[in-house]
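Each remark here refers to the structure printed beneath this line.
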Amino acid sequence: MGFQLSNIIPWGRSFEDYLEMFALTPEDLERSILDCAGGPASFNVDMKRRGYRVISCDPIYQFSASKINQRIQETYSIVVEQLHQNKENYVWNNIKSPEHLGELRMEAMQRFLEDFSLGKAEERYVTAELPKLPFNSQQFDLALNSHLLFSYSQHLSEDFHLESVLELCRVAREVRIFPLLELSGNLSPFLSPVISNLQQQGWRVEIEPVAYEFQKGGNQMLRLFKTTID
Ligand SMILES: C[S@@+](CC[C@H](N)C(=O)[O-])C[C@H]1O[C@@H](n2cnc3c(N)ncnc32)[C@H](O)[C@@H]1O
């Protein structure tokens, strides 16, 4: 069956993971970035420490740091157990074991938790959820979405995917989504309809290989660029 979850989980990656997942260049870091479904990733705080400002949005930001932490603690054993059961579906190079992955993710999520109150006050963490975002059209240069769209194709419908991608395209001039695989490791069935729809609406669509690969074969991101000037 492959890795399975009953719900969408709060689970967060680091700055280094984001650099690889989205092939971010030094020039990209200077851009105005939205991390949509940022969850408890440390990308926002790690960027701040490097002198950049990112806005992250996620429905879990309505909760307190201690409540989010409680959900993370509940999630930890579920993820480690699922990774043990499906070990052959992952690349174990830099990450040595399910426990090692748990340790790396918990370090990143701890940095997020320590930053959360300040980040909320500074409006770097905004409570919002796809498919409708409280941002202006083209407010951002670049919108990132990792481990929500396509990953949760068993939980979120094709219509939700289409509406959400169009919404990301409304708020940013460029959109990058990673990975293109479902949690189970199969290519999302919604990738192809999303690509056709976006192309019809005048977006340039590219699938690019990236350095990050933890799910076997999950080393590609979707890039959407605006080609029309309006
Ligand atoms: C697995 S986490 C990924 C976090 C981060 N992007 C990363 O890769 O480290 C998925 C996140 O999606 C968020 N989420 C769930 N439904 C959402 C929605 N409709 N719009 C935006 N985010 C959503 C969850 O709250 C959760 O924090």
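Readers should treat all values here as calculations from the given coordinates under stated rules, not as data from a laboratory. On a predicted model such as this, the values are computed, not experimentally measured, just so you know. No Cβ is skipped: glycine too gets one built from the backbone with ideal geometry, and neighbour counts run over all protein chains shown.
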#### Entry: Charged-residue dipole, Cβ positions (Lys, Arg, Asp, Glu), the chain about Cα centre, Debye nearest 20
220 debye
### Query
Looking at L183, F15, H155, which one has the Cα that reaches farthest to the positive end of the dipole of the chain (charges on Cβ: Lys, Arg +1; Asp, Glu -1)?
F15
### Query
What length, rounded to one decimal in nm, is gained on full extension from D141 through to S6, with 0.36 nm per residue of separation minus their alpha-carbon distance?
45.2 nm
### Task
Can you list which of the trypsin sites (Lys or Arg not before Pro) found in segment 17-111 are DSSP loop residues with at most 11 other C-beta atoms within 10 Å?
R50, K96
### Task
Please get the size of the charge dipole for segment 58-182, origin at its Cα centre, with Cβ charges of +1 on Lys and Arg and -1 on Asp and Glu, quoted in debye to the nearest 20.
160 debye
### Message
Exposed loop sites here are GluC sites (Glu not before Pro) in DSSP loop states with at most 15 other C-beta atoms within 10 Å. What is the longest stretch of the chain lacking them?
### Response
124-230
### Task
Restricting to segment 15-226, compute how many DSSP beta bridges are antiparallel as a %, nearest 5.
45 percent
## Note on the structure
Going from the fewest other Cβ atoms within 10 Å to the most, one would list M47, M1, M109 as M1, M47, M109
### Message
Can you give me the convex hull volume of the Cα atoms of segment 33-84, divided per residue and expressed in Å³?
### Response
99 Å³
### Task
Provide the net charge surrounding Y18, with neighbours chosen by a C-beta distance below 9 Å and charges set as Lys +1, Arg +1, Asp -1, Glu -1.
-4
#### Entry: Over 21 Å [Cα-Cα, the chain], rounded percent
54 percent
### Query
Taking the convex hull of the alpha carbon atoms in segment 1-95, what volume per residue do you get, in Å³?
125 Å³
### Query
Taking amide hydrogens as modeled 1.01 Å from N in the peptide plane, which residues meet the under 5 Å criterion relative to E174, leaving out close sequence neighbours?
L142, A143
## Note on the structure
Taking max minus min of the Cα coordinates of segment 50-121 on each principal axis, largest first, gives extents in Å of 42, 28, 17
### Query
Can you give me the pair-distance distribution of segment 125-230, C-alpha pairs, 5 Å bins, whole percents?
2, 13, 24, 26, 19, 12, 3, 0
